[in-house]
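Readers should treat all values here as calculations from the given coordinates under stated rules, not as data from a laboratory. A quick note: this is a predicted structure, and the numbers were derived from the prediction, not measured. Using ideal geometry, Cβ is built from the backbone for each residue, glycine included, and neighbour counts are taken over all protein chains shown.
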Amino acid sequence: MTNEQTNPTGEPGHPADPVYPERYYEILARDLGEDKARWARLPYAERMRELAWYHAHFNTPDDLSPWPAELDGGVDRG
Amino acid sequence: MSDPIEFYRSFQALLRGRAITGVLTSGMACVEYGIQQNTKDTDWIIAPGDIGSLVTLFGELERGISGSNWRVSYRGLFGAPLDFKYLDGGWTSHLAAFDRPESAERHLDFFGRPPRVGETWRNDTNTGIASRDIVARMKKTDRPKDWPLVNALAIQAYYSGDAAAVLHLRDPEILREAWRQATPASCEAAIHERPLLAALDSIDNLRLERLLLVEEMLWQCVNRERWLVYQRAWKDFYKAWQQDRVGEWPTAEPFLQQHGRICDAVGRHGLPPAPLGTVAARQAVFGRGRERAATLVAATPQELETVAMPLGTILP
């Protein structure tokens, strides 16, 4: 049951940064969308850098709402 | 500090500094697990016995004793005070904070006895983040959009060698694969918690998908009925409270004054600390949820019997 590999870019103190079998990412793409699956494939540090960039540049919504319309080419908070 | 992830980490450090036992859970935990991108709220499970220390911490943060001055306030949605007996009774508390004058409004939600979760969250206090098993339990809500997250957490748990994965997997193929690999010792306990597993070897995939649907609907409907009990209690309390005071809640007062005000109000106007504190109350919620689920997906009594989880699993 342990196909999990640990990616060396994982940051200590945070969840391990495993690479899962391809079908996991296919299920993510099917259930949550291609962009989330793409993001999930990134190493932990890169995932967090990408989110930090979004939070710095866009007024993203709370809790489970879809990404706001401005991420499709609209208004920059700055 | 505009990044909610930096904020949650700095808040987690404050909790550790005060020896407050707690773990990050829900959406931000899913961010850490690489499943969810877009949350700013931070949800925490806090040992009810440490709630008093948390209130003290917020008071000190507002007075700038522990660094920069925070502004902390209750939020204007239904939730109980940060008080041992309320959080131990299954309520949540909802706060807003500004950790710096120019910061965004941070939303912090606190559970003492989170829904669908027993005491096992305490095993995760070393990492500070609730395990995939705990987060998956909490995500079995009445919101359909939470359920793909349950499955994703379970698949991660499976590939990480966590036996609890079989309790949450929604993908028929992976569920069967995980079940074949489960040890005989773990099977009995897993079937007790998730009775659907007992039927796995005798049904085809179409039938399994049908039972997964009925099972999900049962979780959703019972959770809805649970939530309605707390909402009704809050509405009754709030109506009574509004009749003897002028103004809006939350007030613009410092946090400790707000806290004193709501603690006084819940006592005077009888907000019940544990609306589901008796087995009879939990059985009634389960019964209503089961009835609703049966109606919504036209589930037969036999299907419901096959998937119905024990009361201690769904309403611990």
Margin query: Viscosity 0.692 mPa s, temperature 37 °C: give me the Stokes-Einstein translational D for the protein assembly as shown in µm²/s, with Rh taken as the Kirkwood radius over C-alpha pairs.
Written below: 147 µm²/s
Next item on the list: For region B:159-316, just the Cα set please: Rg and Dmax, both in angstrom.
Entry: 21.3, 63
Check: Can you give the net charge of the other residues whose Cβ lies under 11 Å from the Cβ of A:R30, counting K and R as +1 and D and E as -1?
Finding: -2
Check: R0 = 25 Å: FRET efficiency of B:E291 with B:K239, Cβ-based, nearest 0.05?
Finding: 0.35
Checklist line | Value of [θ]222 nm, deg cm²/dmol, for the protein assembly as shown, DSSP H segments ≥ 4, -39500 (n - 2.57) each, nearest 500 | finding: -15500 deg cm²/dmol
Note to self: I need the calculated FRET efficiency for the pair B:A280 and B:E119, taking r as the beta carbon distance and R₀ as 25 Å, to the nearest 0.05.
What the structure shows: 0.65
Checklist line | Rg/Rh ratio calculated on Cα atoms of region B:113-210 (Kirkwood radius) | finding: 0.96
Note to self: Under the √(5λ) rule applied to the eigenvalues of the Cα gyration tensor, what semi-axes describe the equivalent ellipsoid of region B:153-227? Give them in Å, descending.
What the structure shows: 20, 15, 12
Notebook entry, point to check: Taking θ as phi - 60°, what are the ³J(HN,Hα) couplings along region B:191-202 by the Karplus curve (6.51, -1.76, 1.60), each to the nearest whole Hz, with x for Gly and Pro?
Noted result: 5, 4, 7, 10, x, 3, 4, 5, 8, 3, 6, 10
Next item on the list: For B:Q36, list long-range residues whose amide hydrogen, built 1.01 Å from N in the peptide plane, is under 5 Å from its own amide hydrogen.
Entry: B:V31
Item checked: Neighbour-count ranking [beta-carbon atoms within 10 angstrom, fewest first] of B:K239, B:K139, A:K36 -> B:K239, A:K36, B:K139
Next item on the list: When a/c is below 1.5 the answer is rounded, else prolate if a/b is larger than b/c, else oblate, so apply that to region B:1-70 with a ≥ b ≥ c taken from the square roots of the Cα gyration tensor eigenvalues.
Entry: oblate
Margin query: Using the Karplus curve 6.51 cos²θ - 1.76 cosθ + 1.60 with θ = phi - 60°, what ³J(HN,Hα) values do you get for each residue of region A:26-36, in whole Hz, with x for Gly and Pro?
Written below: 5, 5, 4, 4, 5, 8, 10, x, 4, 5, 5
Notebook entry, point to check: Per-residue HN-Hα couplings for region B:277-293, Karplus 6.51 cos²θ - 1.76 cosθ + 1.60 at θ = phi - 60°, whole Hz, x for Gly and Pro?
Noted result: x, 10, 4, 4, 5, 5, 5, 5, 4, 4, x, 5, x, 5, 5, 5, 4
Check: Amide H to amide H, which residues 5 or more places from B:T21 or on other chains are under 5 Å from it, using H placed in the peptide plane?
Finding: B:A47
Checklist line | Alpha carbon centroid spacing (whole Å) that separates region B:265-309 from region B:123-201 | finding: 22 Å
Notebook entry, point to check: Using the C-alpha gyration tensor of region B:65-165, what are the square roots of 5 times its eigenvalues, in whole angstrom, with the largest one first?
Noted result: 29, 17, 15
Next item on the list: Calculate the dipole size of the protein assembly as shown relative to its Cα centre from +1 charges on Lys and Arg beta carbons and -1 charges on Asp and Glu beta carbons; express the result in debye to the nearest 20.
Entry: 1000 debye
Margin query: Using Cα springs under 10 Å in a Gaussian network model of chain B, which residue among B:T56, B:T306, B:T42 shows the largest mean-square fluctuation?
Written below: B:T56
Check: What's the tally of Lys pairs in the protein assembly as shown whose alpha-carbon atoms lie under 22 angstrom apart, where the two lysines are 8 or more places apart or on different chains?
Finding: 9
Next item on the list: Tell me the label-point distance for the pair B:A198, B:A298, using the 7 Å Cα-to-Cβ offset, in nm and rounded to one decimal.
Entry: 2.7 nm
Margin query: Can you list residues from other chains, or at least 5 along the same chain, whose modelled amide H is less than 5 Å from the amide H of B:R106?
Written below: B:A97, B:F98, B:D99
Next item on the list: For a footprinting-style exposure proxy, rank B:Y74, B:Y33, B:Y238, A:Y25 by other Cβ within 10 Å, fewest first.
Entry: B:Y238, A:Y25, B:Y74, B:Y33
